[in-house]
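Down below is the structure, laid out as structure tokens.
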Amino acid sequence: MNRDHWSSISIPWHRHYGGKMETVPRCVVRGMDDFSVWYSPGVAESCLAIEKEPALLDELTNRWNLVAVVSDGSRVLGLGDIGAKASYPVMEGKALLYKYLGGVDSIPIVLDTGDPDEIIRTVLTLQPSFGGINLEDIAQPKCFRILDTLRREAEIPVWHDDQQGTATVTLAGLLNALKVVGKRIEDVAIAFIGTGAANVACARLIFGRGADPSRCFMVDSRGILGTHRYDLREKRNTFPEKWRLSEMTNPEQRSGGIPEAMAGADVVISLATPGPNTILPEWVSSMGKEPIVFAAANPVPEIWPEEALRAGAAVVATGRSDLPNQVNNSLIFPGLFRGALDVRARTISDGMCFAAADALAARAPGASAGSIDPGRIVPTMEEWTVFCDVARAVGLRAQEEGLAARVLPGDEIYAAAYERIDRSRKITAMMMDSGIIPPPPEEE
């Protein structure tokens, strides 16, 4: 089915259900007497125990498994700055993905402020209520400072999915795509098209994994980044990440735009203006031998896969579920947070992202045998045990890096993730089968 179909039924379905999430008990309520345990007077014993030993909060309550999805609505999907209220359906959808794919409870929190300092203060103030924070759809450049500050100051893991999630799943896809063409990440030239939060994070993580920045180029709306760009030099305090990348990449000071950056490149990773024709076939033809093309703009990729393949691309990925090689951060964040929460990680490091990317890449069909299908460089969300693999890898890496409060062997992390995710899926199926969740309205 095409995008117009899904758009046409969106409002009727949302209206029919009155939203996507609700709160339900996880404890027995056999009668009114049980409330004497769960509330007054019995609950006082739990409160006093936590007062004496704050770590008991995560044993006596569900706080440890609860994530806040926080946004100011300043950069929502492909919609732009639509404000906090209009962003709520997206954040509620994110909460649904967390629950169904990761067994993670989640609450949308949209903030009626665009002030980065106020967002930082609010998140830090919310910490006693949550085991983790998912920042979502916050515009750059403030999103960088918000994330960096919170990662440094918060006592619970803070994650910006538009940055870290997109970067991690892109890295996973890239690692397998490079195996398809027999190239090493250290040797390839990469053209990053677009310098929004997602692609800046992609570059940081890919460079951290071994790619050579001096062989790479980044392109914004005004051309290839470099120290020759006086407009970037003048705004280096406002956009420090862009200026840092200008200093790291393009040592030859190549000028021009997308075609000039792609010329001779082994890989193009594009998170830019939706297409078609943002990237032209002849620019793909100008790339190196067996080029890799990630055209990840939504809803329409910068170039259609069939055009890129005809132009010589060996591997093509997009962000769409109806095309081969969907590189989507929904493959990463549910399992990554599952693992981080289960070991009570205090932050999410780049090392944990690398571990998640490796685990995801290893689940691609044929990966274990060394024969990856160019059209299946990452698994799909239907292969739900991949989230358990990601959780295990992340939990183990958090322990290795000294970031975990709990020490668990890998098989226990996997089993806990499996139980939580399986439970969420079964609860949803049970409620649908029993009619507690009614069928959707008829599709026209």
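Please treat every number below as a calculation from the coordinates, not as lab data. None of these values were measured; they are calculated from a predicted model. Using ideal geometry, Cβ is built from the backbone for each residue, glycine included, and neighbour counts are taken over all protein chains shown.
Listed by chain and number, the lysines whose C-alpha is less than 21 Å from the C-alpha of Lys94, apart from same-chain residues fewer than 8 away, are Lys20, Lys85, Lys426.
Given Gln140, Gly83, Leu97, which one lies farthest toward the positive end of the charge dipole of segment 65-156, if we put +1 on the Cβ of every Lys and Arg and -1 on the Cβ of every Asp and Glu? The residue sitting farthest along the positive end of the dipole is Leu97.
Label positions at Lys52 and Met430, each projected 7 Å from the Cα along the C-beta direction, are separated by 3.5 nm. Which lysines, if any, have their Cα less than 30 Å from the Cα of Lys235, not counting same-chain residues under 8 positions apart? Hits, sequence-local ones excluded: Lys142. Ordered by the number of other Cβ atoms lying within 10 Å of each residue's own Cβ, fewest first, Ser46, Ser434 fall into the sequence Ser434, Ser46. In a solvent-free Debye calculation with one equal scatterer on each Cα, what is log10 I(q)/I(0) for segment 329-434 at q = 0.17, 0.18, 0.19 Å⁻¹, listed in the order of the q values? Reported log10 I(q)/I(0), two decimals: -0.76, -0.83, -0.90.
Placing a pseudo-label 7 Å from each Cα along the Cα-to-Cβ vector at Val29 and Ser368 gives an inter-label distance of 4.4 nm. Nearest 10 degrees, 0 to 90: what angle lies between the long axis of helix 350-362 and the longest principal axis of the chain (Cα atoms)? Its long axis makes an angle of about 80 degrees. Applying the criteria of a DSSP loop state and at most 13 other Cβ atoms within 10 Å to the GluC sites (Glu not before Pro) of segment 1-84 yields Glu22.
Taking amide H as placed 1.01 Å from N in the peptide plane, the amide H of Ser106 sits under 5 Å from that of Val67, each at least 5 places away or on another chain. Think of each Lys and Arg Cβ as +1 and each Asp and Glu Cβ as -1; about the Cα centre, that makes the dipole of the chain roughly 640 debye. Relative to the dominant Cα principal axis of the chain, helix 197-208 is inclined by about 80°.
Working from label points 7 Å from Cα in the Cα-to-Cβ sense, the Arg406 to Arg222 distance is 4.9 nm. Look at where the Cα atoms of segment 61-105 and of segment 293-317 average out, and the two centres are 29 Å apart.
Picking from Gly182, Ile224, Ala211, whose Cα lies most toward the positive end of the charge dipole for segment 165-318 (charges on Cβ: Lys, Arg +1; Asp, Glu -1)? Looking along the dipole axis, the top candidate is Ala211.
Below 8 Å between Cα atoms, with a sequence gap of 6+, how large is the relative contact order for segment 165-318 in percent? 22 percent. Note on Lys179: lysines with a C-alpha under 25 Å away, same-chain residues under 8 apart excluded, are Lys289. Normalised by 2.2 N^0.38 Å, where N is the number of residues, the C-alpha radius of gyration of segment 117-225 stands at 1.23.
For a quick check: sort Ile11, Ile206, Ile82 by the number of other beta carbons within 10 angstrom, fewest at the front.
Ile11, Ile82, Ile206
Between the helical axis of 142-153 and the longest alpha-carbon principal axis of the chain there is an angle of about 50 degrees.
Note on segment 65-156: with charges restricted to the Cβ of Lys and Arg (+1) and Asp and Glu (-1), its dipole about the Cα centre is near 200 debye.
Which net charge results when you count Lys and Arg as +1 and Asp and Glu as -1 among the other residues whose beta-carbon is under 11 Å from that of Ile156?
With Lys, Arg at +1 and Asp, Glu at -1, the neighbours total +1.
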